[in-house]
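Student: What follows is a structure written as structure tokens; I'll ask about it next.
The values are calculated or read from the model by the stated rules, or taken from the named source; none is laboratory data. The shown structure was predicted, so the numbers you read here are calculated from the model rather than taken from an experiment. Note that each Cβ is placed from the backbone with ideal geometry, even for glycine, and that neighbours are counted across all protein chains shown. To get the accessible areas, we keep the full protein, side chains included, count just its heavy atoms, and leave off ligands, DNA and RNA. Shrake-Rupley method; radii C 1.70, N 1.55, O 1.52, S 1.80 Å.
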Number of protein chains: 2
Amino acid sequence: MRLLEDRIRKDGVVKEGNVLKVDSFLNHQMDIDLFNEMGKEFKRLFSEKKINKILTIEASGIGIACIVAQHFNVPVVFAKKAKSINLDGEMLTTKIQSFTHNKVYDVIVSKKFLSSDDHVLIIDDFLANGCALLGLIDLVESAGATVEGIGIAIEKGFQSGGQMIREKGIQLESLAIVESMDAKTGSIEFR
Amino acid sequence: MRLLEDRIRKDGVVKEGNVLKVDSFLNHQMDIDLFNEMGKEFKRLFSEKKINKILTIEASGIGIACIVAQHFNVPVVFAKKAKSINLDGEMLTTKIQSFTHNKVYDVIVSKKFLSSDDHVLIIDDFLANGCALLGLIDLVESAGATVEGIGIAIEKGFQSGGQMIREKGIQLESLAIVESMDAKTGSIEFR
């Protein structure tokens, strides 16, 4: 998606260790107009799919998922990273390794909000090694629901997550795929 | 706001310990159409205010804030509850006591995204004792920015947060104020 690639080139910052900071428009400050354009594009890309629910994971996926949901006219469910005392009842659970925070999270979704009737579009801001997505796919499958597709804002194409997900036969659409980036020059190449 | 009160009566669940579960439409599964009606109402209530940014706190405030932001045509910034290694640079920090999780969080916002030019509407899903809001107000004030108002979905009117915030002279608008609730009968009275 040209609009997103241009924005990453303009406002993204490449840091050592393959870190791409997009906190001025994507995952700390959030540009809602950009999210709406992303929502339109996901709707186009998944127009063949019958989707009745969007699933994301806290925290930075939530904003994108809610704006995208308007283009599908469906509710959003977000998976939670730790057990809250307010979140009782039966839970679907999985574990997700976070390399950013160097720890393993328990991730939960209430069984009330994912069932075998659900046709789910998973939305997240980043795809790198794919650990978060594998956890979300596991939650959907353990509910007996169907993953209709996965929509990602930015995929790090030089990491293995995208290939791993696509080899499962899931329709994965990343609006910008970074092929390579260079912290010294700040340059970013897209696929 | 009658629509939200009706929805709380219909789908909210009162639990022992003054817990009101609204996870089927507000803070786990999210009804985006309802959020848009809330956004319209906040726009009406804050129509006199010049607002150029919405501030919320992860995780459950983010979805509401992003949908509400469309009605003000402004970006959203969400405060983060723990230091991420991807979030470098100078930070505004505060501490927030969570009674739900029984711990104290460090809460941070990048200085890049809150400055003395900003006129901020704070949005969150719940107001009870007001600890989260006091933290967010502290972040805005430490940036030299102005709190133009606070928009809350559900206020627990029998806890002290609302009165404390209103006594500061801040325009606080809660779309539903629960005056009392009863876990035995499931009844909910609104102010």
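Student: Got at least one residue in the range A:26-36 being of a type outside the set (D, E, K, R), within 28 Å of residue B:25 (Cβ to Cβ), out of contact with any strand residue (DSSP E or B) (no Cβ under 8 Å at 6 or more places or on another chain) and buried (at least 18 other Cβ atoms within 10 Å of the Cβ)?
Tutor: For the range A:26-36, residues of a type outside the set (D, E, K, R), within 28 Å of residue B:25 (Cβ to Cβ), out of contact with any strand residue (DSSP E or B) (no Cβ under 8 Å at 6 or more places or on another chain) and buried (at least 18 other Cβ atoms within 10 Å of the Cβ): present.
Student: Still on this model: Quick one: is residue A:174 in contact (Cβ under 8 Å) with a residue 24 or more places away in the chain and surrounded by fewer than 18 Cβ atoms within 10 Å (Cβ to Cβ)?
Tutor: Considered against the rule, which asks whether it is in contact (Cβ under 8 Å) with a residue 24 or more places away in the chain and surrounded by fewer than 18 Cβ atoms within 10 Å (Cβ to Cβ), residue A:174 comes out as no.
Student: Scan the range A:1-15 for residues that are closer than 17 Å to residue A:182 by Cβ and open to solvent by 60 Å² or more (accessible area, probe 1.4 Å) and jot them down.
Tutor: A:9, A:10, A:13, A:15
Student: Out of (1) out of contact with any helix residue (DSSP H, G or I) (no Cβ under 8 Å at 6 or more places or on another chain); (2) surrounded by fewer than 20 Cβ atoms within 10 Å (Cβ to Cβ); (3) not basic (Lys, Arg), the odd one out for residue B:132 is which?
Tutor: It fails just one condition, (2).
Student: For the range A:115-127, give me each residue that is free of Cβ contacts under 8 Å to residues at least 40 places away in the same chain and within 13 Å of another protein chain (Cβ to nearest Cβ).
Tutor: Hit for the range A:115-127 is A:115, nothing else.
Student: Does the range A:115-156 hold any residues that are acidic (Asp, Glu), in a loop (DSSP other than H, G, I, E, B) and touching a Lys or Arg at 6+ places or on another chain (Cβ under 9 Å), and which are they?
Tutor: Correct list: A:118 only.
Student: Another question, if that's okay. Name every residue in the range B:146-165 that is without any contact (Cβ under 8 Å) to a residue 60 or more places away in the chain and crowded, with 18+ Cβ neighbours inside 10 Å, in order of residue number.
Tutor: The answer is B:147, B:150, B:152, B:155, B:157, B:161, B:162, B:165.
Student: At least 3 residues that are touching a helix residue (DSSP H, G or I) at 6+ places or on another chain (Cβ under 7 Å) and within 11 Å of chain A (Cβ to nearest Cβ) in each: list the helices (runs of 4 or more DSSP H) lying fully within the range B:1-114 that qualify.
Tutor: Correct list: B:32-45, B:60-72.
Student: Determine, yes or no, whether residue A:139 is in contact with a Leu (Cβ under 9 Å, 6 or more places away or on another chain) and under 19 Å from residue A:25 (Cβ atoms).
Tutor: no
Student: Do we find a residue being modelled with pLDDT of 95 or more and within 19 Å of residue A:59 (Cβ to Cβ) anywhere in the range A:155-174?
Tutor: Scanning the range A:155-174 turns up no residue that is modelled with pLDDT of 95 or more and within 19 Å of residue A:59 (Cβ to Cβ).
Student: What is the one condition in (1) under 19 Å from residue B:64 (Cβ atoms); (2) open to solvent by less than 10 Å² (accessible area, probe 1.4 Å); (3) modelled with pLDDT of 95 or more that residue A:87 does not satisfy?
Tutor: Result: residue A:87 fails condition (3) only.
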